[in-house]
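First the structure, in the form of structure tokens, and then the observations on it.
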Amino acid sequence: MKDYKIRLHAPIAPKKVAEFSFDKYNVKTFHYPIAIGNTIAEKKSDGFCVLLSIDRKCNEKIKMFSSNLNEWDPECFPEITKELIKLPSGYYHGELLGLPTRENFTSLDEFTAVENRPKTSAKNLTKELIEKYPLKLDIFDALIIENKPLLSRQLKVRRAILEAEGSFPL
């Protein structure tokens, strides 16, 4: 870790997790994340991976990046940002996905809700879009909290710190 210099608002591209083999048609039995060493297996959501930077010293500044490191405008997601400003300054990894609005809500609906919302400019965001495609954010990792790098800690430890902050899910 001595060779790494980490700055808030400078995203680090996440590594893709390895696929786990389990019965994907029986995910209802998969209620809790399973921690094995530095790996956590949990039910896969089909939203959009996001990297979040929150700087409370800079007027509660929130920056959001896609997994391709494209910057998204947090004002496009007002239902999420009102919860994000409650978190401590830090760098977080999460999944932005559609909030179930009906019975038989599918993983495709989770994805489509985010796909149908503007991401880079809030000027086309309407109350109707927010109501038709409500979103939620599942934060599953904390990389830095209050300028304290957590990357050298095991994932299950980082997850415990994150859950103690009360930010899982938003």
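The values are calculated or read from the model by the stated rules, or taken from the named source; none is laboratory data. Computed from a predicted model, the values in this text were never measured in an experiment. Note: ideal-geometry Cβ built from the backbone for every residue, glycine included; neighbour counts use all protein chains shown. Only protein heavy atoms, including side chains, enter the accessible area calculation; ligands, DNA and RNA are left aside. Shrake-Rupley method; radii C 1.70, N 1.55, O 1.52, S 1.80 Å.
Per-structure values
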| read-out | value |
| --- | --- |
| Which numbered condition residue 69 misses (of (1) in contact with a Cys (Cβ under 9 Å, 6 or more places away or on another chain); (2) on the phi > 0 side of the Ramachandran plot) | (1) |
| 2 or more residues of a type outside the set (A, V, I, L, M, F, W, C) and either under 15 Å from residue 114 (Cβ atoms) or at pLDDT below 90 (or both): qualifying strands (runs of 3 or more DSSP E) within segment 37-96 | 61-66 |
| Meets criteria (farther than 21 Å from residue 46 by Cβ, among the hydrophobic types (A, V, I, L, M, F, W, C) and either touching a helix residue (DSSP H, G or I) at 6+ places or on another chain (Cβ under 7 Å) or assigned to a strand (DSSP E or B) (or both)) for residue 143 | yes |
| Hits in segment 108-124 - residues which are in contact with a helix residue (DSSP H, G or I) (Cβ under 8 Å, 6 or more places away or on another chain) and either in a loop (DSSP other than H, G, I, E, B) or without any contact (Cβ under 8 Å) to a residue 40 or more places away in the chain (or both) | 116, 117, 118, 119, 120, 121 |
| Matching option when the condition is surrounded by 12 or more Cβ atoms within 10 Å (Cβ to Cβ) and farther than 14 Å from residue 79 by Cβ, among 146, 103, 95 | 95 |
| Residue within segment 132-141 that is modelled with pLDDT of 90 or more, more than 16 Å from the chain's Cα centre (by Cα) and open to solvent by less than 80 Å² (accessible area, probe 1.4 Å) present | yes |
| Every pair of residues 6+ apart whose Cβ atoms lie under 9 Å, when the first sits in segment 41-61 and is of a type in the set (A, V, I, L, M, F, W, C) while the second is in a strand (DSSP E or B) and modelled with pLDDT under 85 | 41/34; 41/35 |
| Hits in segment 72-91 (condition: of a type in the set (D, E, K, R) and closer than 20 Å to residue 130 by Cα) | 73, 75, 79, 82, 83 |
| Leading residue by the ranking (farthest from residue 49 (Cα to Cα)) among those in segment 113-131 that are among the β-branched types (Val, Ile, Thr) and loosely packed, with under 15 Cβ neighbours inside 10 Å | 126 |
